[in-house]
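The values are calculated or read from the model by the stated rules, or taken from the named source; none is laboratory data. Here the structure is a predicted model, which means the values were calculated and not measured. When we count neighbours, we look across all protein chains shown, and the Cβ atoms used for this are built from the backbone with ideal geometry, even at glycine.
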Amino acid sequence: MRKLRGFIVAALLAVGVILSGGNNAVAQASAIPDYLTGEGITMIGDSIMSGNRSIIQAQLPNAHIDAKGSRDVCGGFEAAQRLQSAGKLSDVVIIELGTNGPLLKHEPYASGTQKLLKLLGTERQIFWVTTYCSYSQWMKMNNNYIFELAQTRPNITVIDWYALASNHPEWFKDGVHPNMEGARQFAKLLRESVAAKYSN
């Protein structure tokens with residue numbers, strides 16, 4: 001009888017451990033952000049992003065968007081600093097900068113880029129959007145640099161807006177700012193890029 005009681009107690013303890021572990025696993029799983037809704041994602045951008053905020057949020061409704069017209073990479077670094085101080089700089093960051101100035105070779109932009117990269121670090125997952133501006137003198141240089149960054153930094157993924165946009169001039173009002181259809185395609189590309197990384 002004592003042996004039977006001991007067996008029952010041991011079995012109940014084992015079940016308790018299993019259930020406790022299962023609950024912890026469920027809790028841990030529920031703590032993972034739903035990136036496909038934009039949860040856990042911070043976006044930093046210029047007018048391409050700020051002018052189409054509502055369309056982007058239709059695709060990624062829970063993302064935190066900090067975007068401002070005419071923002072260059074130095075302004076992006078300042079925005080990232082503010083977000084970090086406010087506890088709003090997530091582990092996944094989408095950067096859409098490079099339209100309003102070079103990312104390298106020229107100061108203060110080159111220093112601004114390096115400061116931004118240092119602040120974001122190597123633990124965050126960074127998505128960097130290539131630039132499309134039909135009249136930009138630094139677009140090609142910036143886009144090449146974004147791809148170089150992705151080759152040397154495993155935590156950087158390129159979202160190649162240029163490759164898509166350059167084949168569709170009808171998506172633009174003025175060669176740089178998307179019209180309604182262009183904005184929808186831009187937002188769709190952002191979500192698809194996030195989904196490609198996190199849907200598996």
**Complete:** All conditions in (1) of a type in the set (S, T, N, Q); (2) modelled with pLDDT under 95; (3) closer than 26 Å to E192 by Cα are true of N52 except (2)
**Asked** Listed residues N155, N143, N62; which is assigned by TED's automatic domain parsing to the domain that holds E39, touching a strand residue (DSSP E or B) at 6+ places or on another chain (Cβ under 6 Å) and in contact (Cβ under 8 Å) with a residue 24 or more places away in the chain?
**Response** N155
**Request:** Please identify the pairs in which a residue from region 174-200 that is surrounded by 17 or more Cβ atoms within 10 Å (Cβ to Cβ) has its Cβ atom under 6 Å from the Cβ atom of a residue that is of a type in the set (A, V, I, L, M, F, W, C) and assigned to a loop (DSSP other than H, G, I, E, B), counting only partners at least 6 apart or on another chain.
**Result:** V176/C133; R191/L60
**Message:** Regarding region 78-89, can at least one residue be identified that is of a type outside the set (D, E), within 30 Å of F172 (Cβ to Cβ), touching a Phe, Trp or Tyr at 6+ places or on another chain (Cβ under 9 Å) and at pLDDT 95 or above?
**Reply:** no
**Item:** Test set (1) surrounded by 15 or more Cβ atoms within 10 Å (Cβ to Cβ); (2) within 27 Å of N144 (Cβ to Cβ); (3) touching a residue at least 24 places away in the same chain (Cβ under 8 Å) - K105 fails condition number
**Value:** (1)
**Request:** Tell me, yes or no, whether region 152-165 has at least one residue that is within 18 Å of the chain's Cα centre (by Cα), closer than 19 Å to D72 by Cβ, in a helix (DSSP H, G or I) and at pLDDT 95 or above.
**Result:** yes
**Prompt:** Restricting attention to region 43-57, which residues are surrounded by 23 or more Cβ atoms within 10 Å (Cβ to Cβ) and closer than 20 Å to K88 by Cβ?
**Reply:** M43, I44, G45, D46, M49, I56
**Item:** Unmet criterion (only one of (1) touching a helix residue (DSSP H, G or I) at 6+ places or on another chain (Cβ under 6 Å); (2) at pLDDT below 95) for C74
**Value:** (2)
**Message:** Of the residues T113, T122, only one is surrounded by 20 or more Cβ atoms within 10 Å (Cβ to Cβ) and β-branched (V, I, T); which?
**Reply:** T113
